[in-house]
Number of protein chains: 2
Amino acid sequence: MLSQKSLKHLNKIEQKKFRQAQGEFIVEGVKGVKEAMLAQANVVLLVIEKTKDSEPDFLDLINLATKNDILIEYCNEKEAKKLKTTETFPGILAVIKQPKVILNDFDGTIICLDGVKDPGNLGTIIRTADWFGVKSILLSEDCVDLYNPKAVRSTMGSIFHLNILESTNVVQDLTKLQKNGYVLNGMVMNGDKLDKVNKKNMNIYVFGSESHGIRPEVEKMLDNKYTILGCPSAGYPRPELGSKAGQAESLNVAVACGILLSKI
Amino acid sequence: MLSQKSLKHLNKIEQKKFRQAQGEFIVEGVKGVKEAMLAQANVVLLVIEKTKDSEPDFLDLINLATKNDILIEYCNEKEAKKLKTTETFPGILAVIKQPKVILNDFDGTIICLDGVKDPGNLGTIIRTADWFGVKSILLSEDCVDLYNPKAVRSTMGSIFHLNILESTNVVQDLTKLQKNGYVLNGMVMNGDKLDKVNKKNMNIYVFGSESHGIRPEVEKMLDNKYTILGCPSAGYPRPELGSKAGQAESLNVAVACGILLSKI
């Protein structure tokens, strides 16, 4: 029942190149689709597995879609298997227009990710920011694609609650924000103790990639550098790590971001 | 050059059943193998890609292995491709005997995971515990296998620094620990504010699975219940979430664990 054209279109959006050209992305599952509709994202198509259309969760979404004039296509089990989804097809997905975000949309505390490559980490950071009420995320040009299916899934629907800008020149964007009064704080391995953060500022917090940290061109712009201290007494002596760490060499970037946000 | 027997053995250990029967597991990559040897884990075999054996990192490990009488087998590129590793073979792996951990090895703060199924989350929690100097982790019988290759990789070598017990009966183990004076704290959705934790106690912190939380049989044993508060003003009104959350419904379990550990 799903048209060949739709099937082809859906499977193409799984590829970054086509996703960007088309300006669309996919969210899978009841939870993600529901969050998209509640947040009034621009849903252009719903695909629903016919055998599930009488389940209460699905019925709610079908009603909501009908009320909002959203196109619904139904598929059978065989067609569902042809969909290239991140895991087994959860019975529902939505095709959504990528929102156009500009720097002026930003408000309050800003998280900036510089070269974060892991889609799961990106998604988890978005979800955590949402939990702590942070509304603005700036992604450097070499971050993983925001609309990577794994990243979208890891946000658990929070992708629809924030303004997230995929920068084409993060140094330029950060310079503009600094000029507008923002203070640029970087999370590094050898900075000040995190507790010293001045919460009254308009703050940007920059996190680098786990393997390379913050790039030098961004690091030299920083107003402050902070570190999340581990437990120095935990490790056998590891002079190469300095005195700030336990035995682990670093924290996962999503965990570090969560700790920062819980403190501010 | 890699014997057929070794290749078969290695690929079998990738399966949980065989891994358990054999009491062995695999760690991949320079970082993981180095941590294993520094922590004096019981390494029974090193497999190294011949073309890389003159790189400095590899030479260090070969010297260390030779000094410790560890068997080394070399493989060529073609054989490397036959190895079922988590990603592209990074040129080195070690086969390691699973350590025998008992409850009496536990010391200080204990993290208990009840039904955590995602190997990446498990690995990240181990890495975070290591950073903050927590030495003891108790896994319920329905957690993901500790030696799952993805979990091992996500620990970034920290798996070798902690005592981690895969319980066969977590209710029984927690009962024993409570009798020995431990206080049982659970992380739940509607508990007290986290700041109230009594850090002077001998504390166990229990985290449940993301989808089902802490199981009822464990929850009824808890002495205290805590919640990590989000930002109540962040969301549009969502009465179903109560007043404790931003718009996100929950935190990722590894992020929640990191926030807890940063506070205690």
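Derivation of every value follows stated rules applied to the coordinates shown; laboratory data play no part. This structure is a prediction, so every number in the text was calculated from the model and none was measured. Neighbour counts run over all protein chains shown; Cβ positions are idealised from the backbone, glycine included.
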Query raised in the report: Given the protein assembly as shown, what percent of its DSSP beta bridges are antiparallel, to the nearest 5?
Result: 30 percent
Query - Quotient of C-alpha Rg and 2.2 N^0.38 Å, computed over the stretch A:103-263 - result: 1.01
**Report entry** Per-residue average of Cβ from other chains inside 10 Å of A:154-164
**Finding:** 2
Report summary line: With residue B:169 itself left out, Lys, Arg at +1 and Asp, Glu at -1 over residues whose Cβ is under 14 Å from its Cβ give -4
Query raised in the report: Can you list, shortest first in nanometers, how far residue A:17 lies from the same residue in the other copies, with each label 7 Å from Cα toward Cβ?
Result: 4.2
Query raised in the report: Regarding the stretch A:10-133, what whole-number volume in Å³ per residue does the convex hull of its Cα atoms give?
Result: 133 Å³
Query raised in the report: How big is D, in µm² s⁻¹, for the protein assembly as shown by Stokes-Einstein at 37 °C and 0.692 mPa s if Rh is the Kirkwood radius over C-alpha pairs?
Result: 132 µm²/s
**Report entry** Residue order, fewest to most beta carbons within 10 Å, for A:158, B:262
**Finding:** B:262, A:158
Query raised in the report: Helix-derived [θ] at 222 nm for the protein assembly as shown: sum -39500 (n - 2.57) over DSSP H runs of at least 4, divide by residue count, nearest 500?
Result: -9500 deg cm²/dmol
Requested in this report: Would you tally the net charge around residue A:149, using a Cβ to Cβ cut-off of less than 11 Å, leaving residue A:149 out, and scoring K and R as +1, D and E as -1?
Outcome: +1
Query raised in the report: Within straight cross-link reach of residue A:52, meaning Cα distance under 15 Å, which aspartates and glutamates are found once same-chain residues fewer than 8 apart are removed?
Result: A:28, A:60, A:73, A:77, A:79
Query raised in the report: Label point 7 Å out from residue B:31 along Cα-to-Cβ: which residues of the stretch A:124-140 have amide N under 19 Å?
Result: A:124-125
Query raised in the report: Relative to the longest principal axis of chain A, what angle (0 to 90°, nearest 10) does the C-alpha long axis of helix A:170-179 take?
Result: 60 degrees
Report summary line: In degrees rounded to 10, the 0-90 angle between helix A:253-263 Cα long axis and the longest Cα principal axis of chain A is 70 degrees
**Report entry** Over the stretch B:84-155: Rg over Rh, Cα atoms, Kirkwood Rh
**Finding:** 0.98
Query raised in the report: What is the projected area of the convex hull of the Cα atoms of the stretch B:187-230, averaged over all directions, in nm²?
Result: 3.4 nm²
**Report entry** Entries of A:31/A:82; A:117/B:78; B:81/B:150 with Cα pairs more than 24 Å apart
**Finding:** A:117/B:78
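Could you tell me the relative contact order of chain B? Use alpha-carbon pairs under 8 Å, at least six residues apart, and round to a whole percent.
Dividing the mean separation by the residue count of chain B yields 18 percent.
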**Report entry** Dipole magnitude (debye, nearest 20) for the protein assembly as shown, charges at Cβ of Lys, Arg, Asp, Glu
**Finding:** 0 debye
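Quick check on chain B: of the DSSP beta bridges with both residues there, what percent are antiparallel, nearest 5%?
If I count the DSSP bridges inside chain B, around 30 percent turn out antiparallel.
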